[in-house]
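Worksheet: the structure to be examined is printed underneath.
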Amino acid sequence: MKLLIEQGAKGDSGVVLLRSKLRAVSRRMGFGDLKREHMELVCNEMVTNQNKFAEGNGLVQIWEMGDPAPALDLFAIDYGKGILNVTSAVQDGYTTAGTMGKGLGAIRRLSDQSEIYSLPVEHAKDSDWHGTAVWSRFYRDDTDPEYFHDLGVYLRAYQDSSFNGDLIQVRTGESKTRWLHMDGLGHGREAAEVVQGVGHFLDSETPVDGLMQRLSTHLQGTRGAVAMICEVDNISRNMTICGVGDMVAYLISCGERKAISFSPGVLGHAHRSLETFSYDFPDQALLITASDGLRRSMTLRTFPDLWRLHPQLIALVLGQVVGRHNDDRSAFTIRVNPNMRK
């Protein structure tokens, strides 16, 4: 994934720049005229809602997604008072400002996928943030992706540099998804060179601990990295994870959060014996993996009701709100796709 632009919603010049970028990238990615028109309408609604209900105190991002399917994402997050009842707010005709109230409902109708989350100021006692976040995704007309797992990715370089020392590499199969989540030591060009040298590392058969050992051998002679390799199997309803160093995973299931941490060390240098964890992964479970670019103070109460929503919105909210701004930031989220249950 790649962040193409982040723009505040207040001010005519910023909005013009946002729309211009959206038109250019949607044309470059090969979207048809109707999809491009829908994107602009969604973008307009996002900006209008932020100016109307958050006094323009927010921003809109455009993301280009390449894996597992080409897509364009719009993400808007504001720092307003929030919405007490999102279900009512997305219904046509709902209004608190004497308007037609069709903005949020239009976003849902026009997008291929979308999700809305709001944390009202009255319910934000355990969070540093309150406001509303809206995610909208568009696939090209020739793309009809269906996967056993819904995925979310957040990957952003320090100071939005072209060099990112964090890497998320995903491999989707008929029933299982595996991914490599990696963090090169430090940030900048040298950290990016470590992770970019990995290439397409994942295969579909080697056990995750075997892949980790292979990765450690591959990184010898470099500055090194910390990493985890994970697999979620929809048939066995099981997840397996193996990691080394300062990264973390969270398994959220049945209203509880389990933190999974790894033994200290650096791949390519000194580290302890690899340890593999396996857990049940039922339909409603959510797994989050994160680099140290995300703060560890987050609990389930930090974002009440967020965890049941689409993994992509979860990843974007976490990256934006609990991300550290002095490092590369990355998060991966996954849940069984309810439309693919057997």
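Could you list, in sequence order, all residues of the range 257-304 that are without any contact (Cβ under 8 Å) to a residue 24 or more places away in the chain and of a type in the set (Val, Ile, Thr)?
260
So, in the range 203-220, of the ones that are farther than 14 Å from residue 268 by Cα and in a helix (DSSP H, G or I), which residue ends up most open to solvent (accessible area, probe 1.4 Å)?
209
Considering only residues that are free of Cβ contacts under 8 Å to residues at least 60 places away in the same chain and outside any loop (DSSP other than H, G, I, E, B), which ones fall in the range 170-181?
171, 176, 178, 180
Within the range 260-275, is there a residue that is surrounded by 17 or more Cβ atoms within 10 Å (Cβ to Cβ) and either more than 23 Å from residue 194 (Cβ to Cβ) or of a type in the set (S, T, N, Q) (or both)?
yes
If you go through the range 313-330 one residue at a time, do you hit one that is under 16 Å from residue 243 (Cβ atoms), open to solvent by less than 30 Å² (accessible area, probe 1.4 Å) and touching a Cys at 6+ places or on another chain (Cβ under 9 Å)?
no
If I ask for residues that are surrounded by 15 or more Cβ atoms within 10 Å (Cβ to Cβ), in contact (Cβ under 8 Å) with a residue 40 or more places away in the chain and closer than 15 Å to residue 278 by Cα, which ones from the range 221-240 would you list?
Passing the criteria: 228, 229, 230, 231, 232, 233, 234, 238, 239.
What about residue 192, is it open to solvent by less than 10 Å² (accessible area, probe 1.4 Å), of a type in the set (A, V, I, L, M, F, W, C), more than 16 Å from residue 278 (Cβ to Cβ) and free of Cβ contacts under 8 Å to residues at least 40 places away in the same chain?
Judged against the criteria, residue 192 is a match.
Looking at 187, 200 in this structure, which one is touching an Asp or Glu at 6+ places or on another chain (Cβ under 9 Å), modelled with pLDDT under 90, more than 30 Å from residue 106 (Cβ to Cβ) and open to solvent by 60 Å² or more (accessible area, probe 1.4 Å)?
From the options 187, 200, the qualifying one is 187.
When the residues of the range 277-294 are filtered to those that are more than 19 Å from the chain's Cα centre (by Cα) and modelled with pLDDT of 95 or more, which remaining residue is surrounded by the fewest Cβ atoms within 10 Å (Cβ to Cβ)?
Restricting to residues being more than 19 Å from the chain's Cα centre (by Cα) and modelled with pLDDT of 95 or more, the top hit is 280.
The values are calculated or read from the model by the stated rules, or taken from the named source; none is laboratory data. No experiment lies behind these values; they were computed from the predicted model shown. With ideal geometry, Cβ positions are generated from the backbone for all residues, glycine too; neighbour counts draw on all protein chains shown. Surface areas here come from the heavy atoms of the whole protein model, side chains and all, with no ligands, DNA or RNA. Shrake-Rupley method; radii C 1.70, N 1.55, O 1.52, S 1.80 Å.
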